[in-house]
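Peer 1: Let me give you the structure first, and then I'll get to my questions.
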There are 6 protein chains.
Amino acid sequence: MIMNRVKTDIQGFDDMLGGGFLPQTANLVEGAPGTGKTTLGMQFIYNGIVKYNEPGLIITFEEFPQQYYHDAASFGWDFAKLEAEGKLKVIMTSPEVSKADLENVGGIIETQVAQMGVRRILVDSITHFDRLTQNPTELRRIEYGFINALKREGVTSLLTKESSALLGEAPEGDSEIAFVVDSYSILRYVEIDSAISKAILVLKMRGSDHAKDIRQYEIDSQTGFQLKSKFEGQEGILSGNPRRSMVDAFDEAFIK
Amino acid sequence: MIMNRVKTDIQGFDDMLGGGFLPQTANLVEGAPGTGKTTLGMQFIYNGIVKYNEPGLIITFEEFPQQYYHDAASFGWDFAKLEAEGKLKVIMTSPEVSKADLENVGGIIETQVAQMGVRRILVDSITHFDRLTQNPTELRRIEYGFINALKREGVTSLLTKESSALLGEAPEGDSEIAFVVDSYSILRYVEIDSAISKAILVLKMRGSDHAKDIRQYEIDSQTGFQLKSKFEGQEGILSGNPRRSMVDAFDEAFIK
Amino acid sequence: MIMNRVKTDIQGFDDMLGGGFLPQTANLVEGAPGTGKTTLGMQFIYNGIVKYNEPGLIITFEEFPQQYYHDAASFGWDFAKLEAEGKLKVIMTSPEVSKADLENVGGIIETQVAQMGVRRILVDSITHFDRLTQNPTELRRIEYGFINALKREGVTSLLTKESSALLGEAPEGDSEIAFVVDSYSILRYVEIDSAISKAILVLKMRGSDHAKDIRQYEIDSQTGFQLKSKFEGQEGILSGNPRRSMVDAFDEAFIK
Amino acid sequence: MIMNRVKTDIQGFDDMLGGGFLPQTANLVEGAPGTGKTTLGMQFIYNGIVKYNEPGLIITFEEFPQQYYHDAASFGWDFAKLEAEGKLKVIMTSPEVSKADLENVGGIIETQVAQMGVRRILVDSITHFDRLTQNPTELRRIEYGFINALKREGVTSLLTKESSALLGEAPEGDSEIAFVVDSYSILRYVEIDSAISKAILVLKMRGSDHAKDIRQYEIDSQTGFQLKSKFEGQEGILSGNPRRSMVDAFDEAFIK
Amino acid sequence: MIMNRVKTDIQGFDDMLGGGFLPQTANLVEGAPGTGKTTLGMQFIYNGIVKYNEPGLIITFEEFPQQYYHDAASFGWDFAKLEAEGKLKVIMTSPEVSKADLENVGGIIETQVAQMGVRRILVDSITHFDRLTQNPTELRRIEYGFINALKREGVTSLLTKESSALLGEAPEGDSEIAFVVDSYSILRYVEIDSAISKAILVLKMRGSDHAKDIRQYEIDSQTGFQLKSKFEGQEGILSGNPRRSMVDAFDEAFIK
Amino acid sequence: MIMNRVKTDIQGFDDMLGGGFLPQTANLVEGAPGTGKTTLGMQFIYNGIVKYNEPGLIITFEEFPQQYYHDAASFGWDFAKLEAEGKLKVIMTSPEVSKADLENVGGIIETQVAQMGVRRILVDSITHFDRLTQNPTELRRIEYGFINALKREGVTSLLTKESSALLGEAPEGDSEIAFVVDSYSILRYVEIDSAISKAILVLKMRGSDHAKDIRQYEIDSQTGFQLKSKFEGQEGILSGNPRRSMVDAFDEAFIK
């Protein structure tokens, strides 16, 4: 079964995804503060508009739209212009409203999809849904319902998720949303050679093969996300505090 | 005592199980998001139908039947056709209903078993039973009752279980259901050489010998689950962040 | 002071115990799911009957007697026949009843001891007593009372205990029952060379010397428990994720 | 897009920040007791006044202004004189008042900005906001509101944050404020060669590139913060208990 | 200042204590189940009677006096005879009674001290005081009061304390009683060479120097506690899972 | 800015502090049971009296004054004589009284300072303030107020703090008092070569430079605290379970 992919057009990331996201799927991207979750999401939206003519919607529960314009501008992405052209909309709302919105006919999201022909949505961040309930079962039901409502609108969504640990996995384990999304990518800090690198991996992709490598990436003002080669000679990268593998150490000390 | 085995027909997995599951047993498969629990379950059901003519039932507490058709299709398994032929049924229900169903005569599951001659059942996932009660003793009683009711129906069941930790064992320890099932298999992510591998092992199999190896596996769209050889030269695989063993490192650095 | 020992007749285990359990003692065996706690207990009961003509009683709080017949049969132990001969009784009851039973004259257990001449009792598992109270002091008092009541009946008991962690020690520490029993043996999973081994050790034995080795064991359908030699060249076995010791690694890489 | 930077004039730190903080941003500096968070903040304020003629405001929720005069004096910074000249103000207040203050027109902070032309603000420490509510969502909303109010005043703020762990990351993970600030720098204790070093890194900087190195620093009475070279030959610096890397150890033992 | 010591007459232990316990002090001995806390305490009492003619009292909150007679007998100590001779008393009571007893004139303990001339007391175990209150401050006040009341009676006491972790330190840290006793000794399990050794150390001794070594010990039916030499070539003994030190490993592999 | 130092006259410790404590400061010393916190505090008071003629006050919340006389006597310090001479006062009180005392004019502490000319105060231990409130913010406010009241009296205070973990850092992190004191020293147990050493370090010293070394110390009846050289060739000392560094191990095994 061959499907067209929804390309992020982010160098290397589409390759890791086996060509891009699958259409009409919900895709989770998780990371600690400063790993670039929002940047990845904005680039997904921006590239969709300018390279594939797919209008985009950004739903935010905290930051003002101005912050997105400002942050996008630092990469040379003119969000204000795109919004003026009717190709982008940044909506600041609350999880409560978003949830109700999709449950009713003619809500804001449905309206934007209908009017603008929105094809891509960034939800930044889905972590804000945590405040809707203390009950994990109820939270999962709400998130699953929200994700399915987005799919019914026919859009491909990218959901950011905040990780509360700076290095490695949060001690309380990850929330259950990873079980209900279609793909799950992780951004991590990694300490190597007395400096902080960043690592990206695709852990899960439903209905498709994907790369298993843990790759380095950087974010620069020219291109946004830039994926590099995979790490070499390190063990325990996902813990954030990797150790040089012995073979590698012997090699460098005695042979090279 | 020799018994016929209920074969999964998954390459290598039946070997690990000593030939397959034992008939009329409840078999637990646990894994983190994206490890392929549901795929393993669908393959168990699909192979049962097409290779052994054993009708199958899928009980889901979250995903819509369409999601199963869709996911199965990515492996070339035509679930819709099988359902049309009366060999497969996907039922979306709730833990509350399932539990009550098996406690009463003539419930849905009993009906399907009687009408379709169901021999295999996939319960995806048993983790949803957690919401029935906060009391671990009560939860165990319910799950044990549910498992025994399935056995009384004469079917062989595969129960998936969600692991809340991405790497290694969940910090709070595993729930008590592992004590009451007949077999217990674990799917784990393992970081090796800057990439994510997947590992499978059979930890428990009541009334039968089984392989103790921790083996690599992949999931591809041609064959679904594909078991590979066991890992070599690694220590601490089940922690998810293994280290290369010293002997192996010396070997590779100085001898090979 | 020399005492006759209550032999388990399990190859090697009696040696570790210094000849067997001491008469009229309560003996705890703890392990994760699939480590074979119940098998060890059944073998203790079975061997007592067929080799020493000591009638046995199995008290279970969850499994039906049929499950024991079935599981025993996979080792060639005909429990139904023994029960028909009046040498074995499998009683499914509740912790509440068991506790009250021993506190009153003429309870079920006392009756069986009187009528059948029961000498060995398997309580499978004592973990079910946890549900009697949330208060650890109260729980300890109950368990201590139960253990003493068994001793007063003149029997030697084996109590199984479930460990909630798959590898290593449960994070919350072990319950207090280990302080009040007469012996305490532990079954553990150990990952070595990409496979799961099983380890047994006797941690405590009141009033007697015992072996301190951590030994490997296997369970097979011919003989049940089979103790092997102790592990070699490994550190941290009880953590479940041991490392090859350096000396051993140097040896194997450079010398052997 | 090129922006003027708000220079801290701290040797090396501006370089790590890509030239300094971005104007009108909120910048978080986190550290354990004694790492010098407050000193860094005072130096930011002091240098702003004497080198760039940018009046500064210090908001404290615990220490009396006299403590700042006293601590500053140990570095040769005459805060009393600066305050007399109308270039500095140290205000001791409460989180409750600060929050209300910024929400109303004509509050103390707004007044100081208007009257003194304040350009830089030190909030020491934002951790005191934790007492405003037990609810993490509510706390985040308050902190985000406070940060935005500061930005609306046109000032560049430095917020200190207390880390409850002496070494490494606090077990409960870091609070959510790191997600809403514009930059996030971390001060850490590191044990190396039986002594305590201090490490600084910039983990996050919104809208700008920044150095990824983990650098040593010292605090002396001549210059305040002094950044040194990055650490060499150590793994796991951020854990606080690093290990010498193997390559480095081989080098030093056998080659140097 | 030279003081007579209260000798335990346990081989090597008195040496570690600098000659024995100090008179009229409270001495804590902590250990996991099976480490021999009670044996150490019984030996302290027994040796006091037969070697120094100092009558002894054993206060137990759980075990029946018969258990002590029985356990002592396995070491050849005839407690029944000593009790008949008026030199030993084993009292089973409750923490509530013990506490009240010492607060009032003429309680049981005071009576025994007066009538028998008791000089040594074993409290087995002080852990049972935990049930008197949930409040740690209140518990500490009670324990401190109890300890001081024992001192006022002029006796030297040994208090056993249960450790809830099998290996290493209990995760919740140790209770506060260690701060108020006069000496604090620890018994620990240690895994070395695939076997379980036992380690003893004296961590604290108020008003006296003491040995800092961590020494191996065994318990045998001839002599009770037998202290051996200190461990050699191991790091991390107190964690329970030590590693062979590198120097030692190099030595053994390449040099010996 | 040069200030006279308040010397502890403890060999090596004054050097670590850059000459001694700063006048009119509050200085925290933290350690596990048996590390010698109280001894350090008594020595600070004793040396102040006999070497600098600075009268001292000891405030205790648990131990009776007699215990201090007794403990001091084991070092040859005659506290009773000093108290008779009006140069020392040991007051046993409660945190509640101490707190109220300093808030009111003419309290006990103020009276002693006025009458005796007290210059040094030992508060043993500040941990007892924990019982005043469950609220960490309130506790911090109280402790900060208490510390400042002591400063207003013009005295230099040493506050002891109990660490609940025997080895390494307490899992719950340290309390917030470390943020409000002027200096913070830590006493730690360290396992090296199968023995327990003790380590001291000065982590924080406001307004002054200080040594960063982690140094060994011993306590003996001749001199009390005796600081030794820093540790050599060990990594992870503050964890309590250090490992020999590789370079050091290579050195010792192959070169020395």
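Peer 1: What is the residue count in region A:75-93 for residues that are under 26 Å from D:Arg141 (Cβ atoms) and within 14 Å of chain D (Cβ to nearest Cβ)?
Peer 2: 2
Peer 1: Can you pull out every residue in region C:149-173 that is modelled with pLDDT of 90 or more and under 19 Å from C:Phe61 (Cβ atoms)?
Peer 2: Correct list: C:Ala149, C:Leu150, C:Glu153, C:Val155, C:Ser157, C:Leu158, C:Leu159, C:Thr160, C:Lys161, C:Glu162, C:Ser163.
Peer 1: Same structure, new question: Looking at (1) of a type in the set (A, V, I, L, M, F, W, C); (2) away from every other protein chain (no Cβ under 11 Å); (3) crowded, with 22+ Cβ neighbours inside 10 Å; (4) farther than 30 Å from F:Glu235 by Cβ, which is the only condition D:Ala149 fails?
Peer 2: Going through (1) of a type in the set (A, V, I, L, M, F, W, C); (2) away from every other protein chain (no Cβ under 11 Å); (3) crowded, with 22+ Cβ neighbours inside 10 Å; (4) farther than 30 Å from F:Glu235 by Cβ one by one, D:Ala149 breaks only (3).
Peer 1: Give region A:212-256 a look and list any residue that's of a type in the set (Lys, Arg), modelled with pLDDT of 85 or more, out of contact with any Gly (no Cβ under 7 Å at 6 or more places or on another chain) and over 27 Å from A:Phe75 (Cα atoms), or say none.
Peer 2: Passing the criteria: only A:Lys212.
Peer 1: Which count do you get for residues in region F:212-232 that are more than 9 Å from chain E (Cβ to nearest Cβ) and either more than 20 Å from the chain's Cα centre (by Cα) or of a type in the set (S, T, N, Q) (or both)?
Peer 2: Count: 7.
Peer 1: Here is a further query. Would you please name the residue that is surrounded by the most Cβ atoms within 10 Å (Cβ to Cβ), looking only at residues in region A:192-219 that are without any contact (Cβ under 8 Å) to a residue 12 or more places away in the chain and part of a strand (DSSP E or B)?
Peer 2: Filtering first and then ranking leaves A:Ile196.
Peer 1: Taking only region F:198-211 into account, find how many residues are more than 8 Å from chain D (Cβ to nearest Cβ) and at pLDDT 95 or above.
Peer 2: Number of matching residues: 4.
Peer 1: Out of the helices (runs of 4 or more DSSP H) lying entirely within region C:40-122, which hold 2 or more residues that are at pLDDT below 95 and buried (at least 18 other Cβ atoms within 10 Å of the Cβ)?
Peer 2: Counting at least 2 such residues, we get C:65-73, C:95-103, C:108-116.
Peer 1: While we're looking at this one, here's another question. Could you run through region C:132-163 and say how many residues are of a type outside the set (Gly, Ala, Ser) and more than 24 Å from C:Lys7 (Cβ to Cβ)?
Peer 2: Qualifying residue count for the region: 15.
Peer 1: Test A:Ser185 against the stated conditions and say whether it is touching a residue at least 12 places away in the same chain (Cβ under 8 Å) and assigned to a loop (DSSP other than H, G, I, E, B).
Peer 2: Taking the combined requirement at face value, the residue does not satisfy it.
Peer 1: Can you work out which of the residues in region E:169-191 that are within 9 Å of chain C (Cβ to nearest Cβ) and crowded, with 20+ Cβ neighbours inside 10 Å is nearest to C:Ser239 (Cα to Cα)?
Peer 2: E:Glu191
Peer 1: Follow-up question, since we're still on this one. Just a yes or no: is a residue in region F:80-88 under 18 Å from F:Thr25 (Cβ atoms), of a type in the set (Gly, Ala, Ser) and touching a helix residue (DSSP H, G or I) at 6+ places or on another chain (Cβ under 6 Å)?
Peer 2: no
Peer 1: Could you list, in sequence order, all residues of region B:154-168 that are crowded, with 20+ Cβ neighbours inside 10 Å and within 25 Å of C:Gln66 (Cβ to Cβ)?
Peer 2: Those that are crowded, with 20+ Cβ neighbours inside 10 Å and within 25 Å of C:Gln66 (Cβ to Cβ): B:Val155, B:Thr156, B:Ser157, B:Leu158, B:Leu159.
Peer 1: Got a number for residues in region F:131-151 being within 16 Å of F:Val29 (Cα to Cα) and either in contact with a Ser or Thr (Cβ under 8 Å, 6 or more places away or on another chain) or assigned to a loop (DSSP other than H, G, I, E, B) (or both)?
Peer 2: 1
Peer 1: Go through region D:152-165 and report how many residues are touching a Leu at 6+ places or on another chain (Cβ under 7 Å) and either more than 14 Å from chain F (Cβ to nearest Cβ) or part of a loop (DSSP other than H, G, I, E, B) (or both).
Peer 2: Number of matching residues: 3.
Peer 1: Next up: For region E:33-63, give me the residue count where each residue is of a type outside the set (S, T, N, Q), touching a strand residue (DSSP E or B) at 6+ places or on another chain (Cβ under 6 Å) and within 12 Å of chain C (Cβ to nearest Cβ).
Peer 2: 4
Peer 1: Taking the stated definitions as given, is A:Glu62 under 24 Å from D:Arg206 (Cβ atoms), in contact (Cβ under 8 Å) with a residue 12 or more places away in the chain and touching a helix residue (DSSP H, G or I) at 6+ places or on another chain (Cβ under 8 Å)?
Peer 2: Considered against the rule, which asks whether it is under 24 Å from D:Arg206 (Cβ atoms), in contact (Cβ under 8 Å) with a residue 12 or more places away in the chain and touching a helix residue (DSSP H, G or I) at 6+ places or on another chain (Cβ under 8 Å), A:Glu62 comes out as yes.
Peer 1: What are the pairs with Cβ atoms under 9 angstrom where one residue, in region D:224-242, is at negative phi and surrounded by fewer than 18 Cβ atoms within 10 Å (Cβ to Cβ) and the other, located anywhere, is of a type in the set (A, V, I, L, M, F, W, C) and not in a loop (DSSP other than H, G, I, E, B)? Sequence gap at least six, or different chains.
Peer 2: D:Gln226/D:Ile219
Peer 1: Take the residues in region A:20-33 that are in contact (Cβ under 8 Å) with a residue 24 or more places away in the chain and assigned to a loop (DSSP other than H, G, I, E, B), then tell me which one is surrounded by the most Cβ atoms within 10 Å (Cβ to Cβ).
Peer 2: A:Ala32
Peer 1: If you don't mind, there's one more thing I want to ask. Quick one: how many residues across region F:233-248 are more than 7 Å from chain D (Cβ to nearest Cβ) and over 21 Å from F:Ser163 (Cα atoms)?
Peer 2: So the count comes out to 4.
The values are calculated or read from the model by the stated rules, or taken from the named source; none is laboratory data. Only a predicted model underlies this, so the values are computations on that prediction, with no experimental measurement involved. As a convention, Cβ positions derive from the backbone with ideal geometry for all residues, glycine included, and neighbour counts pool all protein chains shown.
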